[in-house]
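Written out below as structure tokens is the structure these notes cover.
The values are calculated or read from the model by the stated rules, or taken from the named source; none is laboratory data. Because the structure is predicted, anything quoted here is derived from the model rather than measured. Ideal geometry is used to build each Cβ from the backbone, glycine not excepted, and the neighbour counts take in all protein chains shown.
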Amino acid sequence: MVKRQKKLDKRRRQECKTNYNKRLILLKGKKLRLVIRKTNKYIILQIVDSVNARDKVLYSANTSELLKKGWPEEKKGSLKNLSAAYLGGILLGKKAKEIKKEVILDIGLIPSTKGSRVYAAVKGVNDSGIKINFDEKIMFDEDKIAEKIGKDIFNKVKDGLK
């Protein structure tokens, strides 16, 4: 006899919106989660707390906020590259500087690829002072991140975040 799933579970799984096995593992950890989502234009970073499987966003940053911090207006179409992801991570870290607990990474259905924008954002969050576990082998240096937009622009925006 086949056990039937709830209609909601089946729909969200078919729409490729939720991996329930992965979500259950993250919720059992009872730690704050660093949620990173990519859209067509931006990268959204959030620190989320889950109580009784209900998510509450504590802090949030979007790479579109970099335009106010000195990101050049003519490069606003590139707010999802490596540089923007790293600076978005620093921006989130500055907003959530009073967090003393360790956070865990939740990338959802984004594939885990070495050197991706997700790990540039993780490096930015870690460099801003939030404790997060990750493998140093998947990270790259700040010079590679800065070359995507130009070192002078990168340093100008980074100084604007501090």
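Of note:
- Scanning segment 51-61 for residues that are touching a strand residue (DSSP E or B) at 6+ places or on another chain (Cβ under 9 Å) and surrounded by fewer than 18 Cβ atoms within 10 Å (Cβ to Cβ) returns Asp55, Lys56, Val57, Leu58, Ser60.
- Residue among Phe140, Phe134 that is part of a loop (DSSP other than H, G, I, E, B) and under 12 Å from Leu105 (Cβ atoms): Phe134
- Qualifying residue in segment 117-126 (condition: in a helix (DSSP H, G or I), over 15 Å from Lys144 (Cα atoms) and free of Cβ contacts under 8 Å to residues at least 40 places away in the same chain): yes
- Condition check for Ile47: within 14 Å of the chain's Cα centre (by Cα) and touching a residue at least 24 places away in the same chain (Cβ under 8 Å): yes
- All conditions in (1) touching a residue at least 24 places away in the same chain (Cβ under 8 Å); (2) more than 17 Å from the chain's Cα centre (by Cα) hold for Leu67, with the sole exception of (1).
- Of the residues making up segment 61-106, those that are of a type in the set (A, V, I, L, M, F, W, C) and assigned to a strand (DSSP E or B) number 4.
- Enumeration of residues in segment 40-53 that are of a type outside the set (Asp, Glu) and outside any loop (DSSP other than H, G, I, E, B): Ile43, Ile44, Leu45, Gln46, Ile47, Val48, Ser50, Val51
- Selection count where residues are of a type in the set (D, E, K, R), assigned to a helix (DSSP H, G or I) and either touching a strand residue (DSSP E or B) at 6+ places or on another chain (Cβ under 8 Å) or surrounded by 14 or more Cβ atoms within 10 Å (Cβ to Cβ) (or both), scope segment 17-39: 1
- Sole residue being touching a Lys or Arg at 6+ places or on another chain (Cβ under 9 Å), at pLDDT below 85 and either more than 28 Å from Gly29 (Cβ to Cβ) or surrounded by fewer than 22 Cβ atoms within 10 Å (Cβ to Cβ) (or both), chosen from Lys100, Lys131, Lys114: Lys114
- Only a single item in (1) under 18 Å from the mean Cα position of the chain (by Cα); (2) modelled with pLDDT under 85; (3) surrounded by fewer than 17 Cβ atoms within 10 Å (Cβ to Cβ); (4) under 21 Å from Thr39 (Cβ atoms) is not met by Lys75, and it is number (1).
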